[in-house]
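As structure tokens, the structure follows; a few thoughts come after it.
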Amino acid sequence: MSYADLSVLNCDRKTLLEKVGVAVKLGYEVIALDIVHTPSKNATKKKKKQKDSNPQASEGVIKASTLKLTEDELKDLQIDSKRVKILSRVTLNVTDSEQLQYLMSPEVQEYDIVAVRPTSSDIFTKVTKYINLDIIQLEMDKNVKIITPGGLSEGIQKGIHFEIQYGPALRDSSVKKYLISNSQLLASFSKSKNIIISSGAERAIELRGPHDVANLGLLFGLNEAQAKNCVSRSCRSVLLHAEERRALKATIALSSGDLPDDQKWVKDKLSEVHSQDTTGESSPKKRKLE
């Protein structure tokens, strides 16, 4: 069973590498490097009016490729890239429904995982209607009730997962009671479905091992099996959902003729199949039947 921490916060490179190294030693085989961004309300309008002059950023979001660890960094950390997956994640902090348009931008969709953090029940209900995101990160560390049963049900039907982060409670003990009560509310409303638990770690010292995190899940109203799933099988479901999201994006791009260079092989393969069909070449199955 592979364990995952899908939110290790991006920071200066030295601290980031330290966190990744500790996470691997704790037993995590999937680690998502998470950059949090609050898009401007008129981000979409600005994008249409001006070109991006900085290749590393657009509206403040760094390119997903910049989070990728180099071969030398992996070697220094003694990480086997075939065993441990290091993924990129962006979390959009949304305070206004207009900001949800930014979900459609290529800069956001190129990330391995796309998450949204709604700050009100109205935004929460609206964001569950979208299909181009993988995780909804919930504000569990505040005395704010944004979860709605209807929104949870719609999000679950779309394969979206809901995230609890334990890091804020380690940084500020006063938020523990809110974290526990809000998490229990989530477990009750969702019937413990589609829940993941991540660290949201700012420092390496805040990281906890998979079994310790699963024990936290018991405090959040989950049973033992459900708590383990929050750092394993449910995280795998998030990654499968993300793959489907990117595949859908590639299909749409293919139909519009706007396919990225790294996915041009899709078009070439389809052209090859089409060429075989038009020349009347029999498929292996047809030849066997003949």
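Name the single residue that is farthest from LYS158 (Cα to Cα) among those in segment 73-86 being among the charged types (D, E, K, R) and in a loop (DSSP other than H, G, I, E, B). Here the answer is ASP80.
Would you mention how many residues in segment 100-109 are open to solvent by less than 40 Å² (accessible area, probe 1.4 Å) and either closer than 18 Å to LEU185 by Cβ or hydrophobic (A, V, I, L, M, F, W, C) (or both)? Adding up the residues that qualify gives 3. Tell me which residues, restricted to segment 88-99, are surrounded by fewer than 20 Cβ atoms within 10 Å (Cβ to Cβ) and either basic (Lys, Arg) or under 16 Å from the mean Cα position of the chain (by Cα) (or both). Of everything in segment 88-99, just one residue is surrounded by fewer than 20 Cβ atoms within 10 Å (Cβ to Cβ) and either basic (Lys, Arg) or under 16 Å from the mean Cα position of the chain (by Cα) (or both), namely ASN93. For the criterion of being of a type in the set (Val, Ile, Thr) and either in contact (Cβ under 8 Å) with a residue 40 or more places away in the chain or within 20 Å of ASP134 (Cβ to Cβ) (or both), ILE197 passes. Residues that are modelled with pLDDT of 90 or more and in a strand (DSSP E or B): does segment 10-22 have at least one? Checked segment 10-22: no residue is modelled with pLDDT of 90 or more and in a strand (DSSP E or B). Within 17 Å of ILE31 (Cβ to Cβ) and either surrounded by fewer than 17 Cβ atoms within 10 Å (Cβ to Cβ) or β-branched (Val, Ile, Thr) (or both), is that true of ASP212? Spelling it out, ASP212 is indeed within 17 Å of ILE31 (Cβ to Cβ) and either surrounded by fewer than 17 Cβ atoms within 10 Å (Cβ to Cβ) or β-branched (Val, Ile, Thr) (or both).
Only one of the listed residues (LYS145, LYS176) is in a loop (DSSP other than H, G, I, E, B), over 27 Å from LEU240 (Cα atoms) and open to solvent by 10 Å² or more (accessible area, probe 1.4 Å). That residue is LYS145. For segment 110-136, a tally of residues being open to solvent by 10 Å² or more (accessible area, probe 1.4 Å) and in a strand (DSSP E or B) returns 1. Test SER7 against the criterion of being surrounded by fewer than 19 Cβ atoms within 10 Å (Cβ to Cβ), modelled with pLDDT of 90 or more and either on the phi > 0 side of the Ramachandran plot or touching a strand residue (DSSP E or B) at 6+ places or on another chain (Cβ under 7 Å) (or both), and give yes or no. The answer is no for SER7. The listed residues are ALA64, ALA32, and the only one of them that is small (Gly, Ala, Ser) and at pLDDT 95 or above turns out to be ALA32. Residues of segment 154-170 that are open to solvent by 50 Å² or more (accessible area, probe 1.4 Å) and either in contact (Cβ under 8 Å) with a residue 12 or more places away in the chain or farther than 21 Å from ARG233 by Cβ (or both): GLU154, LYS158, LEU170.
Let's see how each residue does on (1) modelled with pLDDT of 95 or more; (2) under 23 Å from LYS85 (Cα atoms):
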| position | (1), (2) |
| --- | --- |
| ASN182 | no, no |
| ILE196 | yes, yes |
| ALA201 | yes, yes |
| ASN215 | yes, no |
| ASP262 | no, yes |
| VAL273 | no, no |
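Of all residues being outside any helix (DSSP H, G or I) and of a type in the set (Gly, Ala, Ser) in segment 87-109, which is nearest to LEU138 (Cα to Cα)? Just the residue, please. The selected residue is SER88. Would you say SER183 is open to solvent by 10 Å² or more (accessible area, probe 1.4 Å) and out of contact with any Ser or Thr (no Cβ under 7 Å at 6 or more places or on another chain)? Criteria not met by SER183.
If we scan segment 166-173, do we find a residue that is in a loop (DSSP other than H, G, I, E, B) and more than 20 Å from LEU103 (Cβ to Cβ)? Yes, segment 166-173 contains at least one residue that is in a loop (DSSP other than H, G, I, E, B) and more than 20 Å from LEU103 (Cβ to Cβ).
The values are calculated or read from the model by the stated rules, or taken from the named source; none is laboratory data. Model, not experiment: these values are computed from the prediction. All Cβ positions, glycine included, derive from the backbone under ideal geometry; neighbour counts span all protein chains shown. Side chains are part of the model used for accessible areas, which takes the heavy atoms of the whole protein and leaves out ligands, DNA and RNA. Shrake-Rupley method; radii C 1.70, N 1.55, O 1.52, S 1.80 Å.
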